Amino acid sequence: MGKSNNKQFERKVAIGLTNNDLTLLILEKSLAGDINRVRDRHLVWRKEAADLHSELGQKELTDALIELAAAEKLHGVPIHIALSSDLCVTRVISGENDHVRQELQELIERSSGYLSLGVGDKLTAVSEAAIDARRRHVWVTVANREVMEALDDAFEAARLRVVRIEHSLAALSRVVQATGDDADAPVIVIDVADSGVDVGISYNGQLLLDYRPSGSNAKDSVGVIIARHTKRLQRYIDRLLRGQAPISRVCLCGKTEDVGNVREQLEKLEEAGEITLRLLTPGNVPTGWDLTDEAANDSSLTADLGILLEQTAGSVANEYPNLVDPLRESRRRPILKPLLRMSWPILATIAASFLVWSVTLFEAIETRIFESQLTSLEEDVERVNRLHQEAVVARSRVAHLQQIADSLEMRPWDQLIQRVGQSLPRGAWLESIQVDRAGKVTIGGTSHSEDGLFELVEHLRKIPDLWRVALESTQQSHLESGPAIQFALSASVHPTHVASRLEEGLRSEVRIVWLPDDPTLHDSSDKATAERERNPIR
């Protein structure tokens, strides 16, 4: 544990990280126990970079961390990080043990489909808590592997020792528990992030739900979303807790410039008597720590305060998933190379001795074999000639069979195109199909929802003629009928289905376009993302 230079204080450090900002809280406790003060800092780390896992983004984050570490003398101090909802999500599974085990396996398998975190492999961290002997809660935090590795590299370059990374919404549940707001009934927690809002439900410090409304205008419509889904959230909580636990209180936090708009929407619901609203700031939490007036009223620091609560002795907060564990596991370096570097002189001596012994033994064996074969040399020559003639005949036969195989008729392409067309779900259409001479198929199109895209991929994987169907890229777009996702899929066709048809009918690019039945008709239910459908709300 790090201590200040005069060695009279012990320090606990919490860092909040978003797509744009770094926030820092340092709790300094005197060894005598008479001083408990919290210092805070705020930095905008992203200036020109497009995102965190770009080369420029990693450099800008590293520079900000180096500046922070030098100013606060953080080298060697254990660092705990609260990761914003733009960089990770947490899914909650509750129920019977067997059901939870099955749901957990399925969730981990489909974690690569969380497109809001970016394309690529994902890291998953898991923790659990027993409800009773037959039931339990499981929390699964998912993050993009490339983003987490870039984050790890930046902190390592700044010589900062990271020991814990958790979702900011989990830290906020810990804060709500400290206020006592969720002691008698579940509380809706709203965290306003850079690119949207994250909605959770906390009860006795346990995060029971993490839900992110889709759409770029979620901040402008969060009041409508809460009013519309309160009854559904209530039914979910009643099923989970097996009793009546009315939801009426909402805790709000986030960046000051974003919270204002969301607060105005929720205050209208409060005036209508539908909810009770509370702005969750560090000053509202009974910690007994001395805060500056600015920090006490800054709700963007609330999640960082939850990270400090997790480090405080005697805290009764839940142990939520720690992304450091799967990150270290994925980047674990093998010990074979260092071991070889240390022991190579001994291994070289043993290898040289074995080589000399092997050569001597081989020469002795070869001498005996040569003497026995001299008597049958003519017979061996005759056998070699016969085998050579058989090889010539075999090569001729293979060439003839290859000609026959090349002339065989392949399956018509129209059957493959028909099957691809029949795989289209509602709200999705294709814009092009490209096939090259190697049998690689590239399919481009547009879908009104992520669900339709996932359904299309699953259907294509069931077509016998298509191999290795994979999602290559996605891009958000806006059509007259509403938001849409442009996508590109790749697959392979069996080589025997490609050769002759490419020579006859596919010398130029084939473009096939399917349009939806009526692009202007767009059921609001189709806007639900895959993440929302996997959420247990009914």
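Observations
- Residue under evaluation residue 274, criteria (1) touching a residue at least 24 places away in the same chain (Cβ under 8 Å); (2) assigned to a helix (DSSP H, G or I), criterion not met: (2)
- The C-beta contact set for segment 127-147 (first residue within 15 Å of residue 98 (Cβ to Cβ), second residue basic (Lys, Arg), distance under 7 angstrom, 6+ apart or interchain) comprises 128/136; 130/136.
- Total residues in segment 281-305, condition within 26 Å of the chain's Cα centre (by Cα) and within 13 Å of residue 39 (Cβ to Cβ): 3
- Boolean, residue 105 is of a type outside the set (Val, Ile, Thr) and either assigned by TED's automatic domain parsing to the domain that holds residue 449 or without any contact (Cβ under 8 Å) to a residue 24 or more places away in the chain (or both): yes
- Looking across segment 235-265, the residues that are surrounded by fewer than 18 Cβ atoms within 10 Å (Cβ to Cβ) and more than 28 Å from residue 282 (Cα to Cα) come down to 235, 238, 239, 241, 242, 243, 244.
- The listed residues are 292, 230, 287, 281, and the only one of them that is surrounded by 16 or more Cβ atoms within 10 Å (Cβ to Cβ) and at pLDDT 90 or above turns out to be 281.
- Scanning segment 89-109 for residues that are touching a His at 6+ places or on another chain (Cβ under 6 Å) and at pLDDT 90 or above yields a total of 1.
- Residue check, residue 314 at pLDDT below 85, in a loop (DSSP other than H, G, I, E, B), farther than 26 Å from residue 151 by Cβ and in the same structural domain as residue 125 (by TED's automatic domain parsing): yes
- Some residue of segment 199-218 being more than 21 Å from residue 100 (Cβ to Cβ), among the charged types (D, E, K, R) and either in a strand (DSSP E or B) or over 23 Å from the mean Cα position of the chain (by Cα) (or both): no
- Annotation: residue 30 fulfils all but one of (1) surrounded by fewer than 17 Cβ atoms within 10 Å (Cβ to Cβ); (2) touching a helix residue (DSSP H, G or I) at 6+ places or on another chain (Cβ under 6 Å); (3) of a type in the set (Gly, Ala, Ser); the unmet one is (2).
- Residue 441, sole failed condition from (1) closer than 21 Å to residue 119 by Cα; (2) surrounded by fewer than 16 Cβ atoms within 10 Å (Cβ to Cβ): (2)
- Residue within segment 451-467 that is at pLDDT 85 or above, surrounded by fewer than 17 Cβ atoms within 10 Å (Cβ to Cβ), within 23 Å of the chain's Cα centre (by Cα) and of a type in the set (Asp, Glu) present: yes
- So residue 147, is it in contact with a His (Cβ under 9 Å, 6 or more places away or on another chain), outside any strand (DSSP E or B) and β-branched (Val, Ile, Thr): yes
- Residue in segment 56-63 that is basic (Lys, Arg), without any contact (Cβ under 8 Å) to a residue 24 or more places away in the chain and under 28 Å from residue 205 (Cβ atoms) present: no
The values are calculated or read from the model by the stated rules, or taken from the named source; none is laboratory data. Please read these numbers as outputs of a predicted model, since none were measured by experiment. Using ideal geometry, Cβ is built from the backbone for each residue, glycine included, and neighbour counts are taken over all protein chains shown.
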